[in-house]
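Visitor: Take this structure, written in structure tokens, and hold onto it; I'll ask about it next.
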Amino acid sequence: MVKMANKKTRGPDKTQANTSDIVVKKLDDATDIVRQPPVFTNDSKYICIASGRQIGIYSVESADKVHSLKEHTVDVIGLAIKDDNILLSCDASGETIEWNINNGTMIKKAPIVVAGIKEFHSFHYPGNGKFLVATPSMYTTNMSSLWIVDNYTRPRKLFADIKSTPQSIAFGCNQGNGSLVVVALQDHSVVVKDITNGVDKKHMTDQRKFTCVALHSEKLIMATGDISGRILIWHDFVHKSRPVKTVYHWHTLPVNSVCFSSEGEYIYSGGSEKVMVKWRLGMSRKQFLPRMGSSIKYIVNAPDNICVATSHSDNAIRFIDSTNKINRAIIGLVKHDPIRGFADTEPIKESVMPTGLVFDPRSRGIFFNAQAGFLQLYDPQKNSLIFNMDVANRNVLTDERNLVIGNAEVLRVAVSPTGEWLATLEVWSNMSAGYHDMNLKFWRYDAVQANYELNTDVTMPHQDRVTALSFQPGLLGTEMPCLVTIGRDLKFKIWRLVDDTDIYRQKESWSCDVAGDFRKLTPSALSFSEDGSLMAIAFQDTVTLWDPTSINLNTTLSHTLVQEPIELMEFGRDHCFRYLVCASKSALYAWDVISQGLVWKVGQLQSSVRCLVPDPKSCFMAAVLQNSEVFIFSPSSSKPVHAVPKMNSSEPIAALFVPRSNPLASGPEWLINSRLLIVDDQQEFFCVDDVSSAGFNQKLTTPISHMDSLPWTPFSAMRAEKQISAAKQLVPVIHQTSGIQGYKSVQSLLETSASALPPMSRICSLFMSDLMIKHGPKAVTAKVNSVDRTTTDLPFTNGHIDTKTEDFNEETTLQKLLTLDCQWLVETVK
Amino acid sequence: MASFKKTQIRSLPKIGQKVTADTLYWRKLNFPVTVKEFGPIDYIDVMPIEPYFIAVSSAAKVQIYNPITHQVHRHFTRFKEAAYGASIRSDGKLVIAGCDEGHVKLFDIGSKSLLRIFKGHKGPVHRCKFTTDNVHVVSFSDDKSVALWDLPSETEIIKFSEHSDYVRAGCVSNISSDLFLSGSFDHTVKLYDARSPTGSTISVDHGSPVESVLMYPSNSIFVSVGGTELRVWDMLAGGRLLARVSQHHKTITCLHLASDGKRLVTGGLDRHAKIYDVQSYQVVHTLDFPSPVLSLGITPDDFTVVAGMANGLISMQHRQTQAEARALNPKQSLKVQKKSQTAYRFRLNADFRSVNRTFNPATDVEVATKTDTNFVSRYDMFLRKFQYSKALDTVLTPYIRKKKPAITVGVMHELIRRNGLKSALAGRDDSSLSSILTFLARNINDPSHANIIIQVANTLLEIYESSSLTPQSEKLFLQLQEHVNREVEYVKHLMEIEGMLHILLASTTTQARRGSPNVVQGSPVKPMLPSAAAAANATMIYNVG
């Protein structure tokens, strides 16, 4: 048994040499598109969305991405439209870039300079070369100071200690004298400044904190929302110290965003109720758009007043048309809202993305949590969302003002080794009601529908919370799949697919086959050996090894050196199949299941192991520590092959080795076939990868041209779709198996059992007539002729028709061949 | 996305006999008309053409019944002793019957006259059949022989004496006039070809005395019954055993095809008739009779099922006609009528639409279609509007409460989820409180709903514990308490029994272990999967091939 004191005290060995070409990349495309409010262009045809360091320009008509602008090196904090065609963006370091919206090129790059300020919070552009930027407040944390910067370099401080959210600053134009009015929110007050005339006002209401503010584009009307859900409309707030206010109160939860329509007749408001309310100013009438999927963060109105875009916390931007219906959406990877309503004793990792990352071998995608009760499948190769699946199929409930109402949440996911079966565990627990619900659902992938179908729904599979599920790997195609669950009711259960088919219907469903326990101890971790012949379940500090088919207890493994309860456990892969790696709070150690001895142990870890992930394509394993250190090691020895230093301050919550589609030509052994994906508690994706590999960020598609996003009109139809060239086109050869005469009837004759066949005399004539050719060769030639004629009629589209004639020619030769073959048959029948 | 998702109503499948298409089909048989004969009913044969007369042989006579009127159409009594196995020719004109003195007698149904007597058997003839060409007769006799007779000349053509015991079963092929099967008490079934006089072409061992044999219309498979087993043999493969089915617990006596050859019916001394699917040999339905079944007859249209029993009863059952069904269940038929009317209306619309279809819009023109309005139940409507009390009221109406408690429980579950149960239950008057309480008392011991009902009951107690109640409500609360107490008592009893069983099981397993210690050590012995073993035990079908 090799014992290593501490991994931190590693000497300079060969692993250090590799470190230089292994990098941790942040996956930008997976970041959210709703951190900043989107901006419509002046012609309302495009919408500009900041996501991390990138800016996407999307067509409003089709919700397709037109351009992806990547020049910023830090996160973008604000977007604005400068002119008809120019987009202005600013990042957290104060760098501003002007872009041409039509072709996506950079026009100008210049930094905003405010003396002594390195970081910026938000950015607004009122016009005339002036910028409004919010910077961190000097004395109070989480507060900002607002500056107006003229011509990039001349800053003037407007307010101190204002809220730092993008919705807490608004500007407008005083119609009377054309002066610029800026308003900003403090916790309990609104501060107003008329820049040109130098008027300063501070309005206070009661103890309700403000959340958002908006200004009417033409008149001097201000709308504010507060945490009680009340919207106040302020009239003439610049000059009067006690302005007239109108109260609009429908929301029960804080108002997240208010927005005036561009004509100023309506205001839109939204919050965590997931309802967008459309108020008519000066009237009590209001319209609702309920059940928008998730809570509204920002509402933005298009300049042409036809379309409203709402940013939602599920990382989607939805477009609402003038009939108050959602007609399009831009959907990014959904961030999982932390689960509320669980007991306080629950560990944090249970509340943020509790499913972790689960690899789907069928689509080569990754399953993880989406909104409450949803599951999403993300393709790391193409960097896109494949689908978002409603597992719970329940209405998403919103909180009441003083009451947390939980939703059904997907807690665990397991995918069968072939990818045919998906098992999901959804839990709904509401502490205030003192009641909880649990459903284990089995979904089968239907290749025809390209969809998962619910096969079995088990209510309360265990009496208490299920902590892990795993499918048995390594089964032959003929064996029925098998799932093992462990729960806090001290039991483990084995579920098998049961064939319940009878003569009336085909039916397969899952049912519990065996339930077992071990010395009334709580099972904490579960792992299958790679070939599925051995199942390991950890009960506190003891590891039990079971034969999954007969459910015989083979061995129990325990040692005086390892007394802490096991939290994570994984079998080694490949030639390290005999090692079982276990992680407890402060130690990492490995058992040899064949010699049944402890092989190595690393104690006194700096922080506990958060994830233990084996690489499916090699023998290596990654241990991700809570302080975001990553160690790659082979289960056979305690010496790490590679160590990734602390990435950032955030805490990792899940990790996964993602197999590559093309193996690396060179590089460290553990990176050749797969790369490591890590998610932190902000749900940002990081990738541990070789420098030389293309990475996830590579551009797979060329940017979509301006023309493609045009609507399909009669004029666009006139545009040439294909170009004619002299080069000969390759026509793929298609073997026609279905074209054989009588194939079907021969097949059915062979497939039907002898007992079920009617007397030969009855079926003979039918069978023979099936073998005969239905239409003579005459009809075929006629067809060819007609096609020839069309080609002569329409010479300008010859590209298409030419290939068709070739097809027909092929068919005729086939017919001729068949005629020759079946000649004897036809004659005998005659 | 913006649509309201319906409340999930969780209804567990009912345990018990599954209702399948076959049970519905065979359940439609009316109450039987019974006729009492003097002796056990030896054989029933059905005329293959309309009007499907039924020939019944019992004691010393053969009677031909009209299946519609249940009256005797003809009877033949010219037998000295018992008459056996009367069989009608395929054209329905002649009937043939064996008898105790070893003769085979041919009668004309129209004139009742005895046309021929075939003499030659030395023992009683129990079965006789016309061949498919209608001019020959095969007889199966207790003198261990099978004979083929010529009808016009009244002479024996060929005789096979291969059996070593009574031949009590036989049938002829419906395709070839030369093929016939015989089943004997010496456990064998033999297939003869009249063209090869040397002997039987196929001989198979059934394993017990053969009571009846049957050849499938395709002539590729034959079935034999005897003892408690039904065996299926492949004729083309020279008598390969295809399946053995044992569903009766006493001797199977008769065999018949039904439903146009798709179902097989066997009757036995255990007073049941079992109906099998001919593909899988699974029992799809069982008919019960008051006495051991000796013979069965089913008309080709499945309209009449006739069973002859050991105590001399003939039971004739008709399929329910549409008019009868209407007369029996006027309410149901009214519904059907209504449905058909609406269907007609929709059909009209459909026709109207198809007429308009002549106009073909261009593909890029979007045609506005009416969004189909989904049916939203009342409770969902109230839940959508967050009116929890009203939602609960709608599912506490007597009909839903009594007939569909799963809906009530489902809505209660949804209210618990939404944290709205308290507000839905609070502030109720006497009558609505009593409906909730009676519902709780009635369902609290239903294990599938118990956890939700208990939750509701607890909330209810919490709300109303401090308020003053009317005597009526108080009584209902006490009633609920009594229900709970009774359930607790019941569970206690069950746990006691479980404990006893555990002791028994523990003692048996320790004994087994002591008996074979090598099982514990020798792990390579892989025991069979419990599920597979159970499946093997549950079905009695063994596919031998």
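Where a number appears in this text, it was derived from the coordinates with a stated rule and is not lab data. Everything numeric in this text was worked out from a predicted model, so none of it was measured. When we count neighbours, we look across all protein chains shown, and the Cβ atoms used for this are built from the backbone with ideal geometry, even at glycine.
Visitor: Give me the number: length gained by fully extending A:ASN100 to A:SER558, i.e. 0.36 nm times residue separation minus the C-alpha to C-alpha distance, one decimal in nm. Mind dumping the intermediate values first?
Guide: Numbers: separation 458, 0.36 × 458 = 164.88 nm, distance 6.67 nm.
The span from A:ASN100 to A:SER558 would gain 158.2 nm if fully extended.
Visitor: Counting only Cα atoms, I'd like the Rg/Rh figure for segment B:21-321, Kirkwood definition for Rh.
Guide: Details: Rg = 17.7 Å, Rh = 18.9 Å.
Value, to two decimals: 0.94.
Visitor: Using the basic label-point model (7 angstrom from Cα toward the beta carbon), what is the A:THR196 to A:SER649 distance in nanometres?
Guide: 4.3
Visitor: Another one. What does the charge dipole of segment A:138-229 about its Cα centre add up to, to the nearest 20 debye, if the Cβ of each Lys and Arg holds +1 and the Cβ of each Asp and Glu holds -1? Mind showing how you got there, number by number?
Guide: On the way: 10 positive and 8 negative charges, 26 e Å.
The dipole of segment A:138-229 has a size of about 120 debye.
Visitor: What number, in percent, do you get for the relative contact order of segment A:316-392 if the mean sequence gap of Cα pairs under 8 Å and at least 6 apart is divided by its residue count?
Guide: Across segment A:316-392, relative contact order equals 21 percent.
Visitor: Here's something else I'd like to know. Taking the Cβ-Cβ separation of A:ASN128 and B:SER3 as r and a Förster radius of 56 Å, what is the calculated FRET efficiency to the nearest 0.05? Walk me through the intermediate numbers first.
Guide: Details: r = 47 Å, r/R0 = 0.85.
Computed FRET efficiency for A:ASN128 and B:SER3 comes out at 0.75.
Visitor: Arrange the following residues from fewest to most other Cβ atoms within 10 Å of their Cβ: A:LEU27, A:LEU766. Walk me through the numbers on the way to the answer.
Guide: Numbers: A:LEU27 19, A:LEU766 10.
In increasing order of surrounding Cβ atoms, one gets A:LEU766, A:LEU27.
Visitor: Which order, highest average first, do A:223-230, B:459-466 follow once you tally other Cβ atoms within 10 Å for each residue and take the mean per peptide?
Guide: So the peptides A:223-230, B:459-466, ranked by packing, come out A:223-230, B:459-466.
Visitor: So, one more: Relative to a virtual label point 7 Å from the Cα of B:PHE31 in the Cα→beta-carbon direction, which members of segment B:286-312 show backbone nitrogen distances below 18 Å?
Guide: Of the residues in segment B:286-312, B:288-291, B:305 have backbone N under 18 Å from the label point off B:PHE31.
Visitor: Multiply the residue gap between A:GLN381 and A:MET760 by 0.36 nm, knock off their C-alpha separation, and tell me the result in nm, one decimal place.
Guide: Working: separation 379, 0.36 × 379 = 136.44 nm, distance 5.78 nm.
That pair, A:GLN381 and A:MET760, stretches by 130.7 nm at full extension.
Visitor: How would A:ARG401, B:ARG89 line up from fewest to most surrounding beta-carbon atoms within 10 angstrom? If you can, show how the numbers build up before the last one.
Guide: Values: A:ARG401 11, B:ARG89 20.
The fewest-first ordering by Cβ neighbours comes to A:ARG401, B:ARG89.
Visitor: May I pose another question? Between B:LYS18 and A:ASP206, what is the label-point separation in nm under the 7 Å Cα-to-beta-carbon projection?
Guide: 6.4
Visitor: As a footprinting exposure proxy, order A:GLU426, A:GLU400 by other Cβ within 10 Å, with the fewest listed first.
Guide: Working: A:GLU426 24, A:GLU400 15.
With the sparsest Cβ surroundings first, the list reads A:GLU400, A:GLU426.
Visitor: Could you calculate the FRET efficiency of B:SER431 with A:LYS286 from 1/(1 + (r/R0)^6), where r is the beta carbon distance between them and R0 is 45 Å, rounded to 0.05?
Guide: Numbers: r = 38 Å, r/R0 = 0.84.
Efficiency, from the Cβ-Cβ distance: 0.75.
Visitor: Give me the distance in nm between label points sitting 7 Å out from Cα along the Cα-to-Cβ direction at B:GLU487 and B:ASP133, one decimal.
Guide: Label at B:GLU487, label at B:ASP133, 7.7 nm between them.
Visitor: Further question: FRET efficiency for B:SER11 and A:TYR504, Cβ-Cβ distance as r, R0 = 25 Å, nearest 0.05? Write down the numbers at each step before the final one.
Guide: Details: r = 20 Å, r/R0 = 0.82.
E between B:SER11 and A:TYR504, to the nearest 0.05, is 0.75.
Visitor: Beyond a 30 Å Cα-Cα separation, which of these cross-linked pairs lie in this structure: A:LYS278/B:LYS385; A:LYS82/A:LYS297; A:LYS491/A:LYS646; A:LYS109/A:LYS219; B:LYS14/B:LYS475? Don't skip to the end; give the middle numbers.
Guide: Working: A:LYS278/B:LYS385 19 Å; A:LYS82/A:LYS297 24 Å; A:LYS491/A:LYS646 38 Å; A:LYS109/A:LYS219 34 Å; B:LYS14/B:LYS475 33 Å.
As for pairs spanning more than 30 Å Cα to Cα, those are A:LYS491/A:LYS646; A:LYS109/A:LYS219; B:LYS14/B:LYS475.
Visitor: For peptide A:753-763, what's the mean number of Cβ atoms from other chains within 10 Å of each residue's Cβ?
Guide: Numbers: counts 5, 9, 12, 8, 4, 3, 6, 4, 1, 1, 0.
For this peptide, the per-residue mean of nearby foreign Cβ atoms is 5.
Visitor: Which of the aspartates and glutamates could be linked to A:LYS65 by a straight reach, that is with a Cα gap under 20 Å, when you skip same-chain ones fewer than 8 residues away?
Guide: In chain and number order, the partners are A:ASP28, A:ASP29, A:ASP32, A:ASP43, A:ASP75, A:ASP84, A:GLU98, A:ASP314, A:ASP321, A:ASP379, A:ASP708.
Visitor: Subtracting the Cα-Cα distance from 0.36 nm times the residue separation, let me have the gained length for A:ARG340 to A:SER62 in nm, one decimal. It would help to have the intermediate numbers written out before the result.
Guide: Working: separation 278, 0.36 × 278 = 100.08 nm, distance 3.60 nm.
Here the answer is 96.5 nm.
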